[in-house]
Amino acid sequence: MPTYDVPGVYIEEVTGPGVITGVSTSTAGFIGPALNGPIGVAQQITSYDDFLQQYGVLQPNDPNLPPAARGTYWPYITSPRWFYLAHGVRSFFQNGGALAYVLRVGTAKNTQWQVQNQKPEPVILLQAQTEGVVGDNITIQVADVNYTGAAGVAVANPTATVTSGGGTTQLTINPANAFLAGDNITDGTTTASVTNVQGSVITVSAPLAGPNLRIADITPGPGAITFRMANTTGLFAGTVVQITGFDPTPAVNKTVTPYVVIQSIDQAGFVTLAGTPALTNTLSMAGTAAQPVPVLVSQEFSLVITQPVPALAETWNYLSLNPLHPNYVFSAVQSAIVDVLPPVAPPTANTYPSLLVQASAALPITQHGAPDDPTLLTYVDYTNALNIMQDVENVNLLVIPDASTTDYQNIQNAMIDSCLLKRDRFAILDSRPGAQQLTGPGSIDEQRQNVEAEDGFAALYFPWLQVPDPTWQPSATNVIPATMLIPPSGAIAGVYANVDQSVGVHKAPANTPVLGVVGLERKLSDRQQGPLNLAGIDVLRIFPGSGQVTVWGARTTGDPNITDWIYVNVRRLMIYIEQSIEVGIRWAVFEPNALPLWQKLKRTITEFLTRVWRDGALVGATAAQAFYVRIDEALNPPSTQALGRLYIEIGVAPVRPAEFIIVRIGLWDGGTQVTES
């Protein structure tokens with residue numbers, strides 16, 4: 001706080017808690033098999049073109065290919081049967097989706113090699129960029145290289161003769177350029193540092209006598225160790241160096257080869273060593289045959305990567321495992337053949353030379369490549385993918401177009417469980433293909449009973465969509481474009497996104513056309529839809545006189561007897577409100593738990609809910625009828641505050657869809673009277 005001592009008016013700016021900004025509601029998370037792209041990694045896309053480039057395979061401009069595939073990225077898996085991730089993503093963007101995350105599942109394996117240190121233990125994982133057995137033909141070689149060369153770089157060892165000023169802190173020396181400011185020099189008895197150089201006159205930190213001065217020995221100490229190099233070529237901050245020098249101390253009196261790491265180098269050639277590993281030897285600077293000047297040899301390595309088909313060879317020299325080094329292996333190697341990845345487990349070696357890479361003529365393959373076979377995918381693969389997708393925080397809609405074709409009950413229930421766990425996303429479920437029966441064994445009604453979602457975190461859509469077949473090729477006998485059936489979840493996610501953007505998440509995503517389709521797997525009548533709708537199955541319809549596919553249902557697969565959660569828009573509105581408030585009041589964590597904080601929170605939440613009400617998402621002629629916010633001492637007695645807890649009670653009245661509009665018509669003497677209810 002500022003101090004005020006002169007009477008007057010003082011202005012202070014106060015930063016408020018800010019407003020709650022609504023979170024995203026329509027980012028889709030897609031999971032499924034694809035032709036290309038990383039397996040088990042959620043990647044963001046903003047268009048179908050993004051999906052094609054990341055998950056499709058570039059095709060040649062070949063007339064034997066379907067017209068849609070020639071010279072483009074082809075994303076569709078058609079053998080041994082259709083898989084539907086690409087169709088789902090395409091339909092999502094066709095119907096208004098703007099942002100999605102895609103997580104590829106697959107059985108493909110990329111060939112892998114491990115580069116080990118001298119302990120040995122893995123320090124680098126190399127992985128072929130192309131999945132499958134083709135990577136088994138790649139060879140990897142690791143060799144020791146020294147940027148400074150085998151002879152190393154010698155430490156500067158100038159000497160000078162004192163021509164005047166012996167025994168003082170200012171000396172005239174010859175040659176005049178023997179020393180630089182920063183040098184540690186000695187007269188054989190006393191050691192001092194050069195603090196200034198003016199021509200042939202040097203100023204030192206302690207009196208020195210003549211007749212001869214030389215660079216002092218490098219001695220370990222508690223602080224940084226700095227000395228001047230005759231040549232710094234090949235040395236950088238982060239360079240690991242092995243020093244070969246003579247330790248003249250009586251306890252050693254021999255040549256030693258310690259390892260050090262360079263912390264910094266300046267323009268004058270002064271090198272400062274990092275504190276770890278510590279230099280424990282004294283290194284002689286006598287420069288005699290018996291005690292030669294220390295030589296520094298940098299410790300780097302090279303990677304040679306060779307691919308036979310197409311023929312390609314890469315050599316990456318002077319690499320380092322130190323992230324400070326300019327040739328840090330994980331950023332310096334930009335290979336077109338392999339990806340350079342960190343090891344699965346970090347290395348435990350903490351001393352040199354164990355920390356250095358182990359040379360190898362040809363690295364053995366640690367994991368052979370394998371082709372992708374999506375027919376082998378199981379419930380476990382999709383569950384693992386769902387666990388990965390849980391870490392993508394801004395996913396709101398969960399879509400697995402192939403879930404209904406492979407162990408639908410387990411996979412779709414895993415989707416529901418994921419949504420229940422996170423409570424920030426909603427699962428869009430597909431009916432099983434060919435579900436012609438409405439009731440009984442194998443029917444859509446049986447599927448609905450098996451995917452009931454606690455608290456209404458999922459919706460089930462029926463039937464499948466009919467779309468143009470991208471593999472169709474015209475011919476003299478085949479001029480009518482072929483069609484195929486795809487699951488509706490991708491298109492429905494796009495409808496959700498479109499309705500969210502145009503009206504709001506409180507609007508039921510129904511009575512809305514589905515774009516990019518030409519028909520339905522099955523057409524239903526009102527009589528057939530009625531029981532399905534009441535059971536929580538959202539039906540897609542084509543009404544008589546119209547060729548347009550329309551979403552004609554907005555119910556969740558929640559318990560129909562719990563009316564709070566039977567509508568899609570109510571569940572998603574509550575997700576929106578809960579997540580927006582959670583993010584918007586995060587600033588309050590660790591604030592003093594007292595009345596001023598309660599009042600700030602109540603104002604902030606009330607302002608947000610007022611905006612939600614004004615947007616038409618809550619029922620009530622006034623804000624007071626639409627919601628309430630309670631934070632008081634009854635909710636937060638001293639015993640609760642002592643536990644570091646703050647309870648906030650919020651009630652909202654969400655708007656529900658007018659699912660049934662009943663028009664009552666009666667006759668009266670003056671004509672026809674119409675009442676609505």
Every residue from segment 299-346 that is among the small types (Gly, Ala, Ser) and free of Cβ contacts under 8 Å to residues at least 24 places away in the same chain:
ALA311, ALA313, SER331, ALA332
For segment 465-501, how many residues are among the polar types (S, T, N, Q) and in contact (Cβ under 8 Å) with a residue 60 or more places away in the chain?
5
If the Cβ limit is 6 Å and pairs must be 6+ apart or interchain, which residue in segment 147-167 that is of a type in the set (S, T, N, Q) pairs with which residue that is in a loop (DSSP other than H, G, I, E, B) and crowded, with 18+ Cβ neighbours inside 10 Å?
THR148/GLY234; ASN157/MET285; ASN157/VAL293
Out of everything in segment 619-665 that is outside any loop (DSSP other than H, G, I, E, B), among the β-branched types (Val, Ile, Thr) and in contact with a Lys or Arg (Cβ under 9 Å, 6 or more places away or on another chain), what residue ends up being nearest to GLY504 (Cα to Cα)?
ILE650
Criterion violated by ALA268 - all others in (1) over 50 Å from the mean Cα position of the chain (by Cα); (2) within 29 Å of ALA151 (Cα to Cα); (3) modelled with pLDDT under 95 satisfied
(1)
Is it fair to say ALA251 is of a type in the set (Gly, Ala, Ser) and either in a strand (DSSP E or B) or in contact with a strand residue (DSSP E or B) (Cβ under 7 Å, 6 or more places away or on another chain) (or both)?
no
Scan (1) farther than 19 Å from ASP339 by Cβ; (2) in contact with a helix residue (DSSP H, G or I) (Cβ under 8 Å, 6 or more places away or on another chain); (3) not hydroxyl-bearing (Ser, Thr, Tyr) for the single condition VAL155 breaks and write down its number.
(2)
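Being crowded, with 18+ Cβ neighbours inside 10 Å and either without any contact (Cβ under 8 Å) to a residue 24 or more places away in the chain or among the small types (Gly, Ala, Ser) (or both) is the filter here; which residues of segment 241-255 pass it? First the steps, then the outcome.
From segment 241-255, those crowded, with 18+ Cβ neighbours inside 10 Å are 241-243, 245-247; that's our starting set.
Across segment 241-255, the qualifying residue is only GLY245.
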Can you tell me which residue within segment 614-629, out of those that are more than 35 Å from the chain's Cα centre (by Cα) and surrounded by 15 or more Cβ atoms within 10 Å (Cβ to Cβ), is nearest to ASP500 (Cα to Cα)?
LEU618
Among (1) over 18 Å from PRO401 (Cα atoms); (2) buried (at least 21 other Cβ atoms within 10 Å of the Cβ), where does GLN114 come up short?
(2)
Of these, VAL134, VAL142, which one is in a helix (DSSP H, G or I), out of contact with any helix residue (DSSP H, G or I) (no Cβ under 7 Å at 6 or more places or on another chain) and aliphatic (A, V, I, L, M)?
VAL134
Within segment 281-298, which residues are hydroxyl-bearing (Ser, Thr, Tyr) and either touching a residue at least 60 places away in the same chain (Cβ under 8 Å) or not assigned by TED's automatic domain parsing to the domain that holds VAL260 (or both)?
THR282, SER284, SER298
Taking the options ALA34, ALA69, name whichever one is buried (at least 20 other Cβ atoms within 10 Å of the Cβ), at pLDDT below 95 and out of contact with any Asp or Glu (no Cβ under 8 Å at 6 or more places or on another chain).
ALA69
Checking the condition modelled with pLDDT of 95 or more and either under 30 Å from VAL395 (Cβ atoms) or not hydroxyl-bearing (Ser, Thr, Tyr) (or both), which residue from GLY547, GLY553, GLY584, GLY620 passes?
GLY553
Got a number for residues in segment 469-506 being surrounded by fewer than 22 Cβ atoms within 10 Å (Cβ to Cβ), part of a loop (DSSP other than H, G, I, E, B) and either among the basic types (Lys, Arg) or within 35 Å of the chain's Cα centre (by Cα) (or both)?
5
When you go through (1) modelled with pLDDT under 95; (2) surrounded by fewer than 14 Cβ atoms within 10 Å (Cβ to Cβ); (3) among the charged types (D, E, K, R) one by one for ASP187, which number turns out not to apply?
(2)
If we ask which residues in segment 271-288 are among the hydroxyl-bearing types (Ser, Thr, Tyr), closer than 26 Å to VAL145 by Cα and either more than 40 Å from the chain's Cα centre (by Cα) or crowded, with 18+ Cβ neighbours inside 10 Å (or both), their number turns out to be 1
Name the residues in segment 626-644 that are without any contact (Cβ under 8 Å) to a residue 24 or more places away in the chain and more than 30 Å from ARG656 (Cβ to Cβ), would you?
GLU633, ALA634, PRO637, PRO638, SER639, THR640, ALA642, LEU643
Among the residues of segment 587-598, is any in contact with a helix residue (DSSP H, G or I) (Cβ under 7 Å, 6 or more places away or on another chain), in a strand (DSSP E or B), outside the structural domain of ALA508 (by TED's automatic domain parsing) and aliphatic (A, V, I, L, M)?
no
Restrict the check to segment 93-102 and report whether at least one residue is among the hydrophobic types (A, V, I, L, M, F, W, C), part of a loop (DSSP other than H, G, I, E, B) and surrounded by 15 or more Cβ atoms within 10 Å (Cβ to Cβ).
yes
Filter segment 392-415 for residues that are surrounded by fewer than 24 Cβ atoms within 10 Å (Cβ to Cβ) and free of Cβ contacts under 8 Å to residues at least 60 places away in the same chain; which is farthest from TYR76 (Cα to Cα)?
GLU393
Limited to segment 525-573, what total is found for residues that are closer than 22 Å to ASP500 by Cα and part of a loop (DSSP other than H, G, I, E, B)?
10
Residues to consider are LEU609, LEU540; find the one that is closer than 17 Å to LEU460 by Cβ and among the hydrophobic types (A, V, I, L, M, F, W, C).
LEU540
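Of all residues in segment 579-594, which are of a type outside the set (A, V, I, L, M, F, W, C) and surrounded by 15 or more Cβ atoms within 10 Å (Cβ to Cβ)? Before the answer, list the steps.
Quick first cut of segment 579-594, residues of a type outside the set (A, V, I, L, M, F, W, C) only: 579-580, 582, 584, 586, 591-593.
Those that are of a type outside the set (A, V, I, L, M, F, W, C) and surrounded by 15 or more Cβ atoms within 10 Å (Cβ to Cβ): GLN579, SER580, GLY584, ASN593.
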Here is a check on your reading of the model: is GLY238 at positive phi, touching a His at 6+ places or on another chain (Cβ under 7 Å), surrounded by 15 or more Cβ atoms within 10 Å (Cβ to Cβ) and outside the structural domain of ASN184 (by TED's automatic domain parsing)?
yes
Take residues that are polar (S, T, N, Q) and tell me which of the strands (runs of 3 or more DSSP E) falling wholly in segment 304-372 contain 1 or more.
312-319, 365-367
Failed condition for PRO258, given (1) closer than 26 Å to PRO323 by Cβ; (2) surrounded by fewer than 19 Cβ atoms within 10 Å (Cβ to Cβ); (3) without any contact (Cβ under 8 Å) to a residue 24 or more places away in the chain, with all others met?
(2)
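The values are calculated or read from the model by the stated rules, or taken from the named source; none is laboratory data. Small disclaimer: the values here were computed from a predicted structure and weren't measured. Virtual Cβ from ideal backbone geometry, glycine too; neighbours counted across all protein chains shown.
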